[in-house]
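The values are calculated or read from the model by the stated rules, or taken from the named source; none is laboratory data. Predicted model, so just to flag it, every value in this text is computed and none were measured. Backbone-built Cβ (ideal geometry, glycine too); neighbour counts: all protein chains shown. Quick note on the areas: whole protein, heavy atoms, side chains included, nothing else; ligands and nucleic acids left out. Shrake-Rupley method; radii C 1.70, N 1.55, O 1.52, S 1.80 Å.
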Amino acid sequence: MRARVFITRSEGSSIPKAKAVEHSLHALGFTETHDVHIGKYVELSLDGVDRQQAERRTDEMCRKLLANGVIEDYRFELDE
C-alpha cells in the first residue's frame, strides 16, 4: 500500500517562508501572485496492512510526527 500525504498550513497561520516567496515573486515581476502557501509532500509504503489499517496508521503518523497540528492541516491518499 502506498500513502501520499499532503501537508499545508492551517487557515489563519502565517509561515515566514511563504511570505518571503511571495515578496520575491513580486520583486521578479509576478505581481499578480498573492496568498502563497508552501506545504510538504510525503510519500511512503506500508507493508502488511489492509486499507482500513493503512488509513488508521497513516492518520496516526500525521498526527504524531508528519504534521504540526497547531499550524498545519493534512490529507492523504492511499493506493494499492
Practice prompt. Compute the acute angle (0 to 90°) between the alpha-carbon long axis of helix 16-27 and the principal axis of greatest extent of the alpha-carbon atoms of the chain; round to the nearest 10°.
Written response: 40
Worksheet item: Mind checking the angle between helix 51-61 and the chain's longest principal axis? C-alpha axes, 0 to 90 degrees, to the nearest 10.
Response: 50
Discussion item. Using protein chains only and a probe of 1.4 angstrom, how many square angstrom of Met1 are accessible, to the nearest 10?
Written reply: 40
Discussion item. How large a share of the accessible area of the chain, in percent, is made up of carbon and sulfur atoms when the probe is 1.4 Å and the other protein chains stay in place?
Written reply: 53
Item to complete: Grab the other residues whose beta carbon is less than 14 angstrom from that of Glu55, score K and R as +1, D and E as -1, and report the net.
Response: +1
Response to the item:
Env charge @ Leu25, Cβ radius under 12 Å, K,R +1 / D,E -1, value -2
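Would you mind telling me the antiparallel percentage of the DSSP bridges in the chain, rounded to 5?
Here the antiparallel bridges make up roughly 100 percent for the chain.
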Worksheet entry | Sites Leu44 and Glu11 - FRET efficiency at Förster radius 25 Å, r taken between beta-carbons, to 0.05 | 0.45
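Under the definition of Cα pairs under 8 Å and six or more residues apart, what whole-number percent is the relative contact order of the chain?
The value is 55 percent.
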Item to complete: Rounding to the nearest 20 debye, state how big the charge dipole of the chain is about its Cα centre with +1 on each Lys and Arg Cβ and -1 on each Asp and Glu Cβ.
Response: 280
Worksheet item: Extension gain Asp79-Asp35, at 0.36 nm per residue separation less the Cα-Cα distance, in nm?
Response: 12.7 nm
Worksheet entry | Principal axis dimensions, largest first and in whole angstrom, of the chain by Cα | 50, 24, 14
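Given a 1.4 Å probe, how much area per residue of the chain is accessible, in Å²?
Heavy-atom accessible area per residue stands at 71 Å².
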Worksheet entry | Residue order for Tyr74, Tyr41 - accessible surface, 1.4 angstrom probe, largest first | Tyr41, Tyr74
